[in-house]
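The values are calculated or read from the model by the stated rules, or taken from the named source; none is laboratory data. Since the model is a prediction, treat every value here as computed from it, not as a measurement. With ligands, DNA and RNA removed, areas are computed over all heavy atoms of the protein, side chains included. Shrake-Rupley method; radii C 1.70, N 1.55, O 1.52, S 1.80 Å.
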Amino acid sequence: MKATRMRRRALLISAVLAVVLSIGGYAFTASNTVPNATLGQGANVISGYTVSSVAYNLNASTPSNVDSVSFTISPAAATSVKIQLAPAGSWYSCTNTAGSVSCATTSPQATAVAATALNVVASQ
């Protein structure tokens with residue numbers, strides 16, 4: 001009888017301990033919060049620009065230096081336009097006024113001998 005009483009007591013203590021530990025574990029996991037977030041995916045068509053009437057404006061004193069490049073871009077609504085006189089020249093920021101683009105190429109100074117191609121990047 002004493003052994004049965006000891007087993008019941010051990011079982012009761014084990015059950016109480018299991019309940020206390022599970023409540024304690026729940027308290028830690030219940031305190032986690034995750035903020036709301038937005039996630040999505042979409043697709044759209046990327047169309048290009050047409051560049052025409054390109055003019056390389058040479059320096060009057062040193063004609064081997066290219067002081068600016070100007071051209072027409074269509075569609076005219078490009079808000080960000082940059083050029084590079086390739087193959088590995090610097091990128092220059094440009095100003096677009098209703099499709100008429102002008103790009104200063106003096107900082108650093110572009111040279112005619114180094115310019116073998118014109119790369120234009122534009123976005124709206």
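Taking 0.36 nm per residue of sequence separation and removing the Cα-Cα distance, the residue 56/residue 70 pair yields an extension gain of 4.4 nm.
Ranked from largest to smallest solvent-accessible area, with a 1.4 Å probe on the protein heavy atoms, 85, 39 come out as 39, 85.
Annotation: amide H-H contacts under 5 Å for residue 112 (H modelled 1.01 Å from N, sequence separation of 5 or more, or interchain): 65, 66.
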